[in-house]
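Visitor: Below are the structure tokens for one structure; questions will follow.
The values are calculated or read from the model by the stated rules, or taken from the named source; none is laboratory data. None of the values given here were measured: they were computed from a predicted structure. Methodologically, a virtual Cβ is constructed for each residue, glycine included, from the backbone with ideal geometry; neighbour enumeration extends over all protein chains shown. Keep in mind that these areas ignore ligands, DNA and RNA; they rest on the heavy atoms of the full protein, side chains included. Shrake-Rupley method; radii C 1.70, N 1.55, O 1.52, S 1.80 Å.
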Amino acid sequence: RDMFKWKFIGHRCFKDEPSLEMETLNSDELSFKEIYLQCSPDVWSHRLRSPTSAYISNIMGSFFTGSNPPRLAMFGPGLESSTSSLVHRILQDSGGPFKLCGFTPGEWPGLGSGANISMSDSNSSHTENFILITLYSSTKSERESSRDRNESHRFVNPNDNCVTNSMQLLCGKVDGFICVVDASTDSQITDAIPELNAMTDPRWSPTHTPLLVLSVVLTPGTPRSPCLSVAHLLRLDPTQRPWLVADTNVCTLEGICKAFQWILNTSRIARK
């Protein structure tokens, strides 16, 4: 009954009604309480910040020492709505959990350059490093004009809902996808579907590449759709890759470190 209050929900906890993933439902060995505890975000987020989890994360990070930091592609209509200042909070807010450490050039003209980010969670002494590639649908001047972003998208063709050739190559090389949606209205959420489906098409990237949906509003008091509804509206149930919907807000960034920790941990498992 409390699922609509959850701040996180993912592929392990979701099925049509909503319920739980089929492999869990088919298990006769688990009681409903055990299934609930397996899916409750309060439980898994506690595990995420536990000393054991931090230790494993450090070990996994050491395993990849010398390799490139994971690359995360961030896109979605939430980057161009009332929640667009989220990017500024991540890249330029010195008081937040993220620190900009430089830039990485793109492999294709005008595409693929990223910001080198260091993330420090106040609940953990562990620091994460990753490359964040921010993908806008058009130039700044075009974004500021009144237009239908899905009809004039610079890397998604509205006729066949496919990304450009260079974007296909980029999707095949990133370690995780982050789709940002403005959760203040249902229409803002569903506006992300064409771009989300095009970017995460399994023809371009392995299905083990995780997807994080950041369900964003401007302030903690802004009315919002719960993350369970966001997952339904985006039709994430049949998605073939690991996914998580996480609530956050631009003002406090509450929950965002847990969300990034999830996609980084999941991408490490996939890379291994």
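Visitor: Given the conditions (1) at pLDDT below 90; (2) part of a strand (DSSP E or B), and given that Ser118 satisfies all but one, which numbered condition is not satisfied?
Guide: Tallying (1) at pLDDT below 90; (2) part of a strand (DSSP E or B), Ser118 fails exactly one: (1).
Visitor: Taking into account only those residues within the stretch 154-181 that are part of a loop (DSSP other than H, G, I, E, B) and of a type in the set (Val, Ile, Thr), which is least open to solvent (accessible area, probe 1.4 Å)?
Guide: Applying the filter and picking the extreme gives Val174.
Visitor: Working carefully through the options Thr266, Thr239, Thr252, find the one that is assigned to a helix (DSSP H, G or I) and closer than 23 Å to Phe130 by Cβ.
Guide: On inspection, the qualifying residue turns out to be Thr266.
Visitor: Can you tell me which residue is least open to solvent (accessible area, probe 1.4 Å) among those in the stretch 209-236 that are of a type in the set (Gly, Ala, Ser) and assigned to a loop (DSSP other than H, G, I, E, B)?
Guide: Taking the candidates together, the pick is Ser225.
Visitor: Go through (1) polar (S, T, N, Q); (2) open to solvent by less than 20 Å² (accessible area, probe 1.4 Å); (3) touching a Pro at 6+ places or on another chain (Cβ under 8 Å) one by one and return the number of the condition Thr252 breaks.
Guide: (2)
Visitor: Pick out the one residue from Pro210, Pro105, Pro158 that is closer than 21 Å to Trp243 by Cα and not β-branched (Val, Ile, Thr).
Guide: Every option except Pro210 fails the conditions.
Visitor: Now, a different point. Ile133 fails exactly one of the following numbered conditions: (1) open to solvent by 10 Å² or more (accessible area, probe 1.4 Å); (2) touching a helix residue (DSSP H, G or I) at 6+ places or on another chain (Cβ under 8 Å). What is the number of that condition?
Guide: (1)
Visitor: While we're on this one: Taking the residues in the stretch 98-115 that are in contact with a Ser or Thr (Cβ under 6 Å, 6 or more places away or on another chain) and surrounded by 15 or more Cβ atoms within 10 Å (Cβ to Cβ) as candidates, determine which candidate is farthest from Leu253 (Cα to Cα).
Guide: By that ranking, first place goes to Leu111.
For (1) more than 13 Å from the chain's Cα centre (by Cα); (2) at positive phi; (3) β-branched (Val, Ile, Thr), each residue gets a yes or a no:
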{"position": "Pro194", "(1), (2), (3)": "yes, no, no"}
{"position": "Asn197", "(1), (2), (3)": "yes, no, no"}
{"position": "Pro206", "(1), (2), (3)": "yes, no, no"}
{"position": "Val213", "(1), (2), (3)": "no, no, yes"}
{"position": "Gly221", "(1), (2), (3)": "yes, no, no"}
{"position": "Leu228", "(1), (2), (3)": "yes, no, no"}
{"position": "Ala231", "(1), (2), (3)": "no, no, no"}
{"position": "Thr239", "(1), (2), (3)": "yes, no, yes"}
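Visitor: Here is a further query. For the stretch 127-143, does any single residue satisfy the condition of being at positive phi and either of a type outside the set (Phe, Trp, Tyr) or in contact with a Gly (Cβ under 8 Å, 6 or more places away or on another chain) (or both)?
Guide: no
Visitor: Count, please, the residues in the stretch 182-208 that happen to be part of a helix (DSSP H, G or I), among the acidic types (Asp, Glu) and under 19 Å from Thr248 (Cα atoms).
Guide: Residues that pass the stated criteria total 1.
Visitor: Sticking with this one: Is there any pair linking a residue in the stretch 250-265 that is of a type in the set (Val, Ile, Thr) to one that is open to solvent by 20 Å² or more (accessible area, probe 1.4 Å) and part of a helix (DSSP H, G or I), with Cβ under 8 Å and at least six apart or on different chains, and which?
Guide: Note: pairs meeting the criteria are Val250/Arg89.
Visitor: Then there is this: Residues of the stretch 234-251 being of a type in the set (Ser, Thr, Tyr) and modelled with pLDDT under 95, which ones?
Guide: Thr239
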